[in-house]
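Values in this text are rule-based calculations from the coordinates and carry no lab data. Bear in mind that the values here come from a model prediction, so they are computed numbers and not experimental data.
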Amino acid sequence: MQVLIGGVIAAVLGFIGLIAWGSEFLTILMGGIPIILLLGGALAIYVGVDEMKDQMQEKKDLQKDQQQKQDELDKAKAELEKAKAEADKLKSEIKKSKKKE
């Protein structure tokens, strides 16, 4: 309840002050808007550059991950071919040993 009463009093005093010092308020407002726009624009530029850096880093990480996966796939294929060759060699040795018997 105290907060509500304080809020009403502050709003009434603010309204009275705005009526009494309207021209001064507008002068301050005219001086403050360019500063607010300048700071807001600088913040937006900073955030935009940071976002672009993050996107570029994500692309690099994605390419690196894809390259690692491709390398692993190539390694697995090479191991598979080696295993197939060894299996064929063992099959031929088994056939030779059966023929000798």
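Each residue of the stretch 34-47 was assigned a 3J(HN,Hα) from its phi angle through the Karplus expression (A = 6.51, B = -1.76, C = 1.60, θ = phi - 60°), giving x, 5, 4, 5, 4, 5, x, x, 4, 5, 5, 5, 4, 5 Hz with x at Gly and Pro. Spatial offset of the stretch 54-101 relative to the stretch 1-24 amounts to 78 Å, using the alpha carbon center of each. Only helices enter this figure: runs of n ≥ 4 DSSP H residues, each worth -39500 (n - 2.57), summed and divided by the residues of the chain, yield -36500 deg cm²/dmol at 222 nm to the nearest 500. The Rg/Rh ratio for the chain, using Cα coordinates for both the radius of gyration and the Kirkwood hydrodynamic radius, is 1.73.
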